[in-house]
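> Below is one structure. I have some questions about it.
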Amino acid sequence: MKSPLLSLPGAVPAEGADEGVAAHYGELYREQRALADGSGVVDLSHRGVLTVTGDDRLSWLHLLLTQHVEQLPPHQATEALILSANGHIEHHLSLVDDGTTTWAYFEAGTGEALLAYLESMKFFYRVEVADRTEEFAVVHLPAGSIAPVPEGVVARETAYGRDLFLPRDQLESYVAEHGPAVGILAYEALRVEAHRPRLGFETDHRTIPHELGWIGSAVHLQKGCYRGQETVARVQNLGKPPRRLVFLHLDGSEVHLPGHGTEVRLASDGPEGRKIGFVTTSARHHELGPIALALVKRNVPVDAQLLVGTTAAAQEVVVEP
């Protein structure tokens, strides 16, 4: 859905998975600093929104999700995954329950498959699943923000700030009153800095939760059965994931950022060496310069210097090998 905030002065539309909102409003680093200082509003209105109502909503979701939500307290934020039968990540949900309704937002473009799966699993449970994307827009307030949560608006609060499920007809007026508006590139740069994975960026068709550090935050290891649990338990107890997420400091002398999928190699092997991973997200950070997340093979030494394409890179461990 195209955001009305794209009509603001200086707005430059985002592309790809973030199409529909602004990449930035003309001052990328100023927008990053605003977020880091606890001000600004990020437009995430291109994300999908769903609600689950009914007496069985939490016990039903508990059976489907990787997270323990059966006794999820009202207003406590959490996140969860839906896995394939082989344990590969299919969906990511950012959740909160308000006491009568469970609210979740998800990546744009995944809603049709997600809603179809949830509908197919209702059986005899007293639940109703609804796509609320046309009614509600997600906006993000950074940690430390003094912007208020309007009465009646559901919010999920995390260590990184608050996500509001704002009625779409209030989006423009809320940002006008509590802005400045901050583009998705600034939000993404701080996400990369915080080592937080994102569905469709850090994931591909064979990603398992252990590779991205989602064990704990999105996967609960002490809960009952869910689809894909056998893989999670087997890797946790008997094996090791084939890949691991790393954070990269990129050589700042390069003009262009490496795109998603850019091959990563050991610096000692040179630019024609064997591929040992690929870039998942890259960004320009207002303090750190060019940075990235990448998936590399588990056995890559944690102190190895890397090449991203032809760009030198130093790695920081996100997921222990």
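> Evaluate the following for Thr262: is it surrounded by 15 or more Cβ atoms within 10 Å (Cβ to Cβ), in contact with a Lys or Arg (Cβ under 9 Å, 6 or more places away or on another chain) and hydroxyl-bearing (Ser, Thr, Tyr)?
no
> Could you figure out which of (1) closer than 30 Å to Leu221 by Cβ; (2) among the aliphatic types (A, V, I, L, M); (3) open to solvent by 50 Å² or more (accessible area, probe 1.4 Å) isn't true of Leu8?
The number of the failed condition is (1).
> Filter the range 312-321 down to residues that are open to solvent by 10 Å² or more (accessible area, probe 1.4 Å) and at pLDDT 95 or above and give me whichever is farthest from Lys240 (Cα to Cα).
Ala312
> Sticking with this one: Can you name every residue in the range 109-161 that is at positive phi, open to solvent by 60 Å² or more (accessible area, probe 1.4 Å) and either in contact with a strand residue (DSSP E or B) (Cβ under 6 Å, 6 or more places away or on another chain) or assigned by the TED database to the domain that holds Asp37 (or both)?
Gly144, Gly152, listed by residue number.
> Given the structure, is Gly87 surrounded by fewer than 16 Cβ atoms within 10 Å (Cβ to Cβ), among the small types (Gly, Ala, Ser) and not in a strand (DSSP E or B)?
Judged against the criteria, Gly87 is not a match.
> Oh, and also: When you scan the range 162-181, how many residues do you find that are exposed (fewer than 13 other Cβ atoms within 10 Å of the Cβ) and under 13 Å from Asp43 (Cα atoms)?
The total comes to 1.
> Can you tell which of Val255, Val246 is modelled with pLDDT of 95 or more, under 25 Å from Gly16 (Cβ atoms) and among the β-branched types (Val, Ile, Thr)?
Val246
The values are calculated or read from the model by the stated rules, or taken from the named source; none is laboratory data. Note that the structure is a prediction, hence the values are computed from the model and not measured. Backbone-built Cβ (ideal geometry, glycine too); neighbour counts: all protein chains shown. All accessible areas refer to the heavy atoms of the entire protein, side chains included, with ligands and DNA or RNA removed. Shrake-Rupley method; radii C 1.70, N 1.55, O 1.52, S 1.80 Å.
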